[in-house]
């Protein structure tokens, strides 16, 4: 019995020591990547770990967390001193997490050389109230996919888009498809007509003449006699595109995986809005590496974030996973420059506008989506529908938290 007790005590001591070593000698990173993106991230982690062994740096441990669970897990774990040291997530939550003390500002570690690696709008997307909270890993935005058999040259302006689309629209066939009722996809037209959803001070700014003009344009595209199919779900759009019944689609890099083999297609930036001369500027989403406010070694966590987002890592990820990386140097790499998908979305990203990360956006998405449906489907006048959405968003934003 005495020997058994000693063995148990030794085992407990060893377990405690192992736990302490793992936490003390490792930086833990949570992510939701799958497939090629997961493999590329794993390769980057292995490169860091190989260098770290001889440099006295902590090892990096990756933990996969389902995307749909990430927000709740981060929001619950970090304030209680748990969770990861680093995590990868889209930038639109930064305002909420910064206000809640979930993420650590990293501005004081970022020098000019590091900042100059990235597209300026990608880095700016990770800032909130003049403090930087992450480094950009990948970017996403929408662009125009087109079947070359129907559209030899993509439209440069919205007037050309309408002319081409009407010529290609007939029974069962459509010129253009996109999720017309969603602000995310509509934002390109909104910006192209000179509108916005938040003013520079962060106040809701929905009911403007520019926003009404953009909503009216969406009705021209998708209302009666338009060129967009009714109820344009992602599944319907990919099916029609693959069957040759849809000439053009507005979507993001994820749409590439939906295109059937053998379909000859191209990708172009969205056209210039003829009425204003401004480019249709889609929302830019940025996946950043964020440092937890409760990271046990914040400086080491930052060094790892910098390594995962440096130029060499970006080139490797663009090659292996076709990620649209924000690093300017990556596009000077011959293999990356030859990739038509990566290069096309890099061009689209140049025109894109960072999606707001202000917590006020939580009050806007659904209200704006309903306004678009009222205008496009029900034929309501745009100023009235947008005014109602503005009021709804403001009431929601002012409501006390529960």
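Here are the numbers:
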quantity: Filter result for residue 343 (part of a helix (DSSP H, G or I) and assigned by TED's automatic domain parsing to the domain that holds residue 128); calculated: yes
quantity: Segment 152-172, residues that are over 18 Å from residue 275 (Cα atoms), in contact (Cβ under 8 Å) with a residue 60 or more places away in the chain and assigned to a helix (DSSP H, G or I); calculated: 166, 168
quantity: Hey, residue 295 assigned by TED's automatic domain parsing to the domain that holds residue 82, under 25 Å from the mean Cα position of the chain (by Cα) and assigned to a loop (DSSP other than H, G, I, E, B) or not; calculated: yes
quantity: Test: residue in segment 221-232 that is in a helix (DSSP H, G or I), outside the structural domain of residue 347 (by TED's automatic domain parsing) and under 24 Å from residue 167 (Cβ atoms); calculated: yes
quantity: Single condition residue 323 does not satisfy, out of (1) surrounded by 23 or more Cβ atoms within 10 Å (Cβ to Cβ); (2) in contact with a helix residue (DSSP H, G or I) (Cβ under 7 Å, 6 or more places away or on another chain); (3) part of a helix (DSSP H, G or I); calculated: (3)
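The values are calculated or read from the model by the stated rules, or taken from the named source; none is laboratory data. Every value quoted in this text rests on a predicted model; they were computed, and no experiment measured them. Cβ sites come from the backbone with ideal geometry, for glycine too, and all protein chains shown count toward neighbours.
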